[in-house]
């Protein structure tokens with residue numbers, strides 16, 4: 001299939017210790033220091049909204065947000081512009097960009113009590129209802145690319161995959177491995 | 001931008017009226033032509049604006065990072081979608097929702113579009129529109145097609161057009177209305193949409209409907225054209241019509257609408273609207289956009305002459321069946337409840353329900369049914385919330401959903417017996433916050449978050465105030481809870497700061513070589529009576545001290561108000577001089593090295609700027625004198641306000657003019673230090689040195705504020721009425737603000753004051 005508009009979210013391990021008010025400071029610094037490959041443009045603060053996008057770092061090719069969607073805090077990568085390459089290369093690119101941002105956040109000195117992402121679980125969304133209707137058929141089309149990719153990514157760990165079957169939602173799946181991984185390890189697995 | 005854009009066109013073929021599909025196809029072609037350089041950028045800009053596709057902050061490809069201005073390296077760097085507007089820069093899509101009316105299906109599509117093309121947030125505006133931000137221009141045709149497939153248009157949502165027609169969200173269910181204005185608002189919206197007579201305006205044109213005079217819901221008084229429902233008995237028969245107003249408007253200098261007709265019969269509504277459109281297109285200002293709104297034409301002609309011309313135009317119009325066709329259906333019931341009446345249940349009351357019931361629910365005229373208001377923080381709602389809300393609405397009401405000018409959403413025809421259940425369902429998705437229409441329900445325009453014109457962060461301030469007030473909302477006395485706060489990021493009034501109890505608009509001040517975000521405090525505005533009167537700015541408060549200002553003002557109001565005295569009456573009684581005195585310590589800004597937090601705005605950690613300005617290299621003493629004189633000019637504006645408050649209109653108008661002269665002299669002094677104090681010389685030197693050179697020009701408003709001075713100077717000897725004095729004070733305030741900005745720009749550019757000889761003295 002033509003994998004585009006991928007969204008990927010890794011969750012924060014202990015959200016109770018995260019002061020979201022620091023995110024505008026951190027994301028503005030990312031823009032200033034041009035830390036990412038992608039063009040970073042602006043910061044949108046939606047902390048006032050219930051289970052919303054939290055704080056969004058708006059970019060040209062993609063957005064990064066410390067997202068509160070579904071009531072779970074995590075770093076959401078939202079790919080907006082078209083990607084070149086084959087589907088596997090696109091998955092690789094999206095996972096790398098997301099995990100690089102997660103790691104960058106983990107290492108940020110502003111967090112007094114640290115910040116850690118859970119490596120063993122993620123949510124993958126295809127943000128295009130026409131390219132990827134929320135059906136079993138889409139899942140079947142995705143599997144030949146996704147499963148080998150995940151086998152490498154999680155080093156053969158057992159995985160549980162759940163598709164959100166709410167037809168009003170975008171195609172979305174939650175993946176959980178039975179083995180714990182740090183963000184750093186996952187980045188190494190990608191290389 | 002999106003991979004599926006082409007496929008959406010195919011998918012939605014036949015799912016919208018043919019002419020709409022054709023319009024979007026044409027727009028898509030225009031996008032292609034612009035990409036090929038075959039359409040000139042100004043023309044393309046107007047083309048997209050007329051389809052609701054608006055620019056956004058930083059779309060010139062530059063952004064201040066707190067220390068310096070960075071170039072944003074967009075891929076299509078040389079391609080533009082308008083003057084100084086980079087093609088790839090994210091923009092805003094405005095979506096028209098006539099009278100705020102929505103269906104559940106439309107809510108779901110808005111949810112999908114917000115997450116697929118924007119940032120997962122849909123924003124309700126003060127004109128009952130929706131806005132999506134950070135949208136790529138190449139996605140906009142698809143977005144329009146998906147909207148059109150569910151009956152929504154973006155056409156004429158921006159640009160010099162008839163904007164979204166607004167109406168009271170309680171129309172049809174209100175206990176006080178004369179009759180339901182909904183069918184009239186709908187008819188007016190679609191009659192004027194794309195009408196040949198509305199395509200050649202010099203500026204935008206706003207229309208509103210209200211079912212009654214006394215409430216605020218329609219805000220008729222601040223519209224170019226406003227209609228208030230009125231019934232009249234004629235020969236024993238009841239006739240419907242409207243108290244019909246024209247020439248109102250906020251903007252930098254607000255005008256109250258003038259009564260065009262005490263009773264415009266319903267069948268005359270559309271032909272009169274058409275005649276007004278024709279007169280506005282023909283006689284309205286076209287070159288100077290700062291005086292191009294209908295309010296200026298009405299003001300210049302006088303209401304009697306304007307009325308005469310419109311009626312003459314009306315008499316010459318060729319009859320159009322559309323004028324009255326819709327009238328055959330207005331009496332048909334357009335809305336019905338989903339559920340038949342049922343007895344109130346006796347379940348235990350959920351926690352928080354009573355408070356929500358008190359502030360967010362209004363009983364309908366129809367016994368047993370109610371309107372539930374969903375208070376949206378800063379007008380924002382997530383895609384997930386919109387989708388869930390559609391589901392909730394389906395369970396409780398038919399498609400009887402509306403947005404409001406207070407940036408909320410209402411569900412109409414909720415069975416009273418179901419209110420507890422509704423509350424619980426809304427609470428589940430975070431939409432059961434109490435306090436709708438109270439002090440915590442703050443209205444704010446986008447401000448510096450996304451608006452190119454924003455000076456200060458209206459949303460950042462609103463979020464901060466909302467958090468602080470919500471924390472102690474339960475302990476606030478009713479009198480304070482009933483107050484309204486409205487915030488604009490600049491003088492342009494999109495946050496409607498003129499008509500609230502406590503209004504604020506963003507300005508800046510230059511302090512010790514740094515720029516500091518401030519908000520002008522506006523008091524005396526009236527929200528009720530369809531926005532009955534406009535407030536005036538009293539003083540500029542550093543942004544970081546606005547919460548303290550609100551606290552101090554509300555505390556004083558509680559302490560000193562007389563029995564049941566309104567806030568507006570309280571302000572009038574104790575006087576603006578006293579209010580300013582009690583806030584004086586809050587107006588001071590600590591030096592940067594003592595407290596740098598004052599030098600950044602709410603919600604934005606970057607050091608504040610009003611442009612790409614760095615830290616200025618002031619020339620000490622001379623600039624200090626300029627700053628001193630600007631402060632004196634500001635004081636003089638305030639004294640003019642005090643005179644106005646005392647009913648001394650002549651004095652008020654003259655003082656306002658003197659304030660402008662003083663500010664102009666301060667500005668001139670930056671180049672011509674010993675400029676004499678005669679009015680004629682000041683105006684001449686100002687014109688030659690700062691107006692004709694455009695040094696005084698606002699980056700967006702151009703020479704507008706300079707023109708205020710010239711007009712005031714030309715009319716220095718006129719007699720002032722209450723209204724004209726009020727307007728002169730507004731102009732003086734804006735002129736002084738512009739003088740501050742000019743001084744900041746010149747200082748930052750390192751252009752030092754010079755004691756040069758008088759400029760161009762030979763000029764007349």
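Quick notes
- DSSP-defined beta bridges in the stretch B:174-329 - what % are antiparallel, rounded to 5: 80
- Inter-chain Cβ neighbour average for residues B:67-77, partner chain, 10 Å: 2
- Relative packing of peptides B:88-96, A:16-24 - highest average C-beta neighbours within 10 Å first: B:88-96, A:16-24
- Ranking of B:238, B:116, B:723 by count of other Cβ atoms within 10 Å, fewest first: B:238, B:723, B:116
- Counting beta carbons within 10 Å around each of B:670, B:225 and listing the fewest first gives the order B:670, B:225.
- Over chain B, relative contact order from alpha-carbon pairs under 8 Å, at least 6 apart, %: 10
- A protection proxy built from the mean count of other Cβ atoms within 10 Å ranks the segments B:382-393, B:263-274, most packed first, as B:382-393, B:263-274.
- Quarter of the Cα convex hull surface for the stretch A:110-191, i.e. its orientation-mean projected area (nm²): 7.0
- Using alpha-carbon coordinates, inclination of helix B:620-645 to the longest axis of chain B, degrees: 50
- Shielding of peptide B:56-65 by partners, expressed as the average count of other chain Cβ atoms within 10 Å per residue Cβ, is 2.
- Percent of alpha-carbon pairs separated by more than 52 Å within chain B: 10
- Averaged over A:33-46, number of beta-carbon atoms from partner chains that fall within 10 Å: 5
- Of the two radii for the protein assembly as shown, the radius of gyration is 0.96 times the Kirkwood radius, both from the alpha carbons; that is the Rg over Rh value.
- With contacts taken as Cα pairs under 8 Å at a separation of at least 6 residues, the stretch B:439-615 carries a relative contact order of 20 percent.
- On Cα atoms only, tilt of A:23-33 relative to the major axis of chain A in degrees: 90
- Cα-based helix-to-principal-axis angle, B:546-560 vs chain B, degrees rounded to 10: 80
- Percent antiparallel among DSSP beta bridges (both partners in chain B, rounded to 5): 85
- Rotationally averaged projected area of the stretch A:62-136 (alpha carbon convex hull; nm²): 6.4
- Sorted peptide list for B:14-21, B:124-131, criterion being average Cβ within 10 angstrom, highest first: B:124-131, B:14-21
- Where only alpha carbons of the stretch B:60-192 are counted, the Rg and the Dmax (Å): 18.0, 58
- Applying 1/(1 + (r/R0)^6) with r as the Cβ-Cβ distance of residue B:482 and residue B:18 and R0 = 51 angstrom yields a FRET efficiency of 0.50.
- Its Kirkwood hydrodynamic radius, worked out from the mean inverse distance over all distinct Cα pairs, puts the stretch B:10-77 at 14.6 Å.
- For the stretch B:174-329, alpha-carbon Rg and Dmax in angstrom: 15.1, 50
- In chain A, Cα pairs under 8 Å separated by at least six residues give a relative contact order of 24 percent.
- Cα gyration tensor category, rounded, prolate or oblate, for the stretch B:439-615 with a/c compared to 1.5: prolate
- Stretched out straight at 0.36 nm per residue, the stretch from residue B:283 to residue B:311 would grow longer than its current Cα-Cα span by 8.6 nm.
- Of A:63, A:28, A:127, the one that fluctuates the most in a GNM where chain A has Cα springs shorter than 10 Å: A:28
- Sequence of A:26, B:97 once ranked by neighbouring C-beta atoms within 10 Å, starting from the fewest: A:26, B:97
- Remark: the residue B:565-residue B:363 segment gains 70.1 nm on full extension, using 0.36 nm per residue and subtracting the alpha carbon distance.
- Debye log10 I(q)/I(0) at q = 0.10, 0.14, 0.15 Å⁻¹ for the stretch A:6-190, Cα point scatterers: -0.38, -0.77, -0.89
- Gain upon complete extension [residue B:105, residue B:259; 0.36 nm per residue less C-alpha separation]: 51.5 nm
- Per-q log10 I(q)/I(0), the stretch B:364-413, q = 0.30 Å⁻¹ (Debye; single scatterer per alpha-carbon; no solvent): -1.24
- Convex hull of Cα atoms in the stretch B:327-395, direction-averaged projection (nm²): 7.4
Quick note: the coordinates plus some simple rules give every number you see, no bench work behind them. Computed from a prediction, not measured in an experiment: that's the story for all the values here. Cβ atoms come from the backbone with ideal geometry, glycine included; neighbour counts cover every protein chain shown.
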